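Questions regarding the structure given below will be posed in turn.
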Amino acid sequence: MIKTLLVKIFRVFLLISCKLITGIQARWLSEPNNRLRIFYANHTSHLDGLVLWSCFPKHLRSTIHPVAAKDYWAKTKFKRFIAKDVFNSVLINRKPTQQDNPITALEEMLQHKQSLILFPEGTRGNGEHIADFKGGLFYLAKHFPDVELVPVYLNNLNRVLPKGSKLLVPIICSATFGRPLPPLKEIETKDSFSRRAKQALEELAP
């Protein structure tokens, strides 16, 4: 009971704080709905998942799960509480092993009709360009062909919390949700698909 109350308090506090600090403005080219989707975005800040999650209508948030790095968000009990309990994140190991394959957890979420927020670059960039994608998005697109892939371009998040900094700088940010990517073609290679998915994301940049 107490934990449930704490989750609600932290969720409201962080969502309000997020909107006050970033003034996040969401622009939807494909309207939010109940379809099973993977929202994939550029990654420039530890705030990316929170900010993107805050853009969704309240009734959808319980079915959309940010994918986050276990080595960062499981470092302390407090960080794990914020990631797992408050924002329903899926924590994955960025250095997969046979015993801990990150794709397995993502597959389970999709099999249970839960949408994901994914950062296919795999690590944070500097906000100036989008790095080449890792193979996870291709794998999921191949094994879950009915899942819609929606690119989301996050702008200015790298300036709110620069890499290596712990100081938040209030700056207006935006999230542009693109139209779903055309499905993976039967003979399409990983490299071809990744280039196409990356280009769709780059085209949403201001």
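Read-outs throughout are calculated quantities, based only on the coordinates presented, and are distinct from any laboratory measurement. Note that the structure is predicted; figures quoted are calculated from it, not measured. Using ideal geometry, Cβ is built from the backbone for each residue, glycine included, and neighbour counts are taken over all protein chains shown.
Considering the options Leu5, Pro66, Pro170, tell which one lies farthest towards the positive end of the dipole of the chain, charges being +1 on Lys and Arg and -1 on Asp and Glu at the Cβ, about the Cα centre.
The residue sitting farthest along the positive end of the dipole is Leu5.
Same structure again: Take the cross-link list Lys3/Lys58; Lys19/Lys75; Lys113/Lys190; Lys95/Lys190 and give me the ones stretching past 22 Å between alpha-carbons. Don't skip to the answer; put the middle values down first.
Details: Lys3/Lys58 20 Å; Lys19/Lys75 26 Å; Lys113/Lys190 24 Å; Lys95/Lys190 20 Å.
Beyond 22 Å: Lys19/Lys75; Lys113/Lys190.
Mind checking the dipole of region 2-202: about its Cα centre, +1 per Lys or Arg Cβ, -1 per Asp or Glu Cβ, Debye to the nearest 20?
Once rounded to the nearest 20, the dipole reads 720 debye.
What percent do you get for the relative contact order of the chain when only Cα pairs under 8 Å and 6+ apart count? List each step's numbers first, then the result.
Details: 339 pairs, mean separation 62.2, N = 206.
Contact order relative to length: 30 percent.
Also, I was wondering about something else. May I ask you to derive the FRET efficiency for Phe81 and Ile187 from their Cβ-Cβ distance with R0 = 41 Å, giving the value to the nearest 0.05?
Details: r = 45 Å, r/R0 = 1.11.
Efficiency for this residue pair is about 0.35.
Per the helix-only calculation at 222 nm, which mean residue ellipticity applies to the chain, given -39500 (n - 2.57) for every DSSP H run of n ≥ 4 and division by its residues, nearest 500 deg cm²/dmol?
Numbers: 8 runs with 71 residues, N = 206.
When only DSSP H runs of four or more count, the value is -9500 deg cm²/dmol.
What does the charge add up to near Ile172, with Lys and Arg as +1, Asp and Glu as -1, over the other residues with Cβ less than 15 Å from its Cβ? Mind dumping the intermediate values first?
Working: positive: Lys19, Arg27, Arg159; negative: none.
Counting the neighbours of Ile172, the net charge comes to +3.
Counting DSSP beta bridges in the chain, what percent are antiparallel, to the nearest 5?
Numbers: 4 of 22 bridges.
Of all bridge pairs located within the chain, approximately 20 percent are antiparallel.
When a footprinting reagent is the concern and you count Cβ atoms within 10 Å, what order do Cys173, Cys18 take, fewest first? List each step's numbers first, then the result.
Numbers: Cys173 24, Cys18 20.
By the 10 Å Cβ count, ascending: Cys18, Cys173.
Let me ask something else. With Cβ to Cβ distances under 12 Å as the rule, what net charge do the other residues near Ile130 carry (K, R +1; D, E -1)? All intermediate terms of the calculation are to be shown ahead of the outcome.
Working: positive: Arg124, Arg195, Lys198; negative: Glu121, Glu128, Asp132, Glu202, Glu203.
Residues near Ile130 contribute -2 overall.
Still on this structure, I have one more. If neighbour count is taken as other Cβ atoms inside 10 Å, put Phe193, Phe81, Phe39 in order from fewest to most.
On the way: Phe193 20, Phe81 16, Phe39 24.
The most exposed by this proxy come first: Phe81, Phe193, Phe39.
Given the C-alpha centroids of region 142-206 and region 1-36, what is the distance between them in whole angstrom?
19 Å
OK, next. If each residue of separation counts as 0.36 nm, what is the full-extension length gain between Ile2 and Leu168 once their alpha-carbon separation is subtracted? Intermediate results must be reported in sequence, preceding the final value.
Details: separation 166, 0.36 × 166 = 59.76 nm, distance 2.96 nm.
Value of the extension gain: 56.8 nm.
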